[in-house]
Amino acid sequence: MGRKYDIRMRTSEFQRAVADEFGAAYGATVVRDVVLDALADRTAQEALDAGEDPRRVWEALCAAMDVPRDRWYGVGRLDPRR
């Protein structure tokens with residue numbers, strides 16, 4: 001049987017993913033200012049504040065900002081402790 005991956009994303013993982021992809025300063029601007037059609041014409045911050053799932057917000061942001069698909073999943077997670 002194939003392994004199932006947990007695709008849920010915490011808000012902290014969303015924040016790390018944004019900083020990793022766009023840089024901290026530009027990422028904050030993107031989250032605050034870019035209006036996302038996929039999220040009812042809200043910014044990522046507005047969608048998160050309204051309780052939208054961080055994974056859905058991340059995917060909408062990636063699509064709007066032309067982030068390559070191979071960087072959409074699994075980002076923002078800390079490396080497992082050994």
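The values are calculated or read from the model by the stated rules, or taken from the named source; none is laboratory data. These numbers were taken from a predicted model, which means no experiment stands behind them. Don't worry about glycine lacking a Cβ; one is built from the backbone with ideal geometry, like all the others, and counts go over all protein chains shown. Side chains are part of the model used for accessible areas, which takes the heavy atoms of the whole protein and leaves out ligands, DNA and RNA. Shrake-Rupley method; radii C 1.70, N 1.55, O 1.52, S 1.80 Å.
Only residues in region 15-33 that are without any contact (Cβ under 8 Å) to a residue 60 or more places away in the chain count as the first member; pair them with residues that are in a helix (DSSP H, G or I) and of a type in the set (Lys, Arg), Cβ under 9 angstrom, at least 6 apart or cross-chain, and list the lot.
Ala17/Arg71; Asp20/Arg71; Glu21/Arg71
What's the number of the condition Ala44 fails, among (1) open to solvent by less than 50 Å² (accessible area, probe 1.4 Å); (2) at pLDDT below 95?
So Ala44 meets the others, but not (2).
For region 31-74, name all the residues that are among the acidic types (Asp, Glu), under 11 Å from the mean Cα position of the chain (by Cα) and in a helix (DSSP H, G or I).
Glu59
State which residue is least open to solvent (accessible area, probe 1.4 Å) when the search covers only region 47-61 and only residues that are under 14 Å from Phe14 (Cα atoms) and free of Cβ contacts under 8 Å to residues at least 12 places away in the same chain.
Here the answer is Gly51.
On the given criteria, is Arg3 open to solvent by 90 Å² or more (accessible area, probe 1.4 Å) and either modelled with pLDDT under 95 or among the polar types (S, T, N, Q) (or both)?
For Arg3, the condition - open to solvent by 90 Å² or more (accessible area, probe 1.4 Å) and either modelled with pLDDT under 95 or among the polar types (S, T, N, Q) (or both) - is met.
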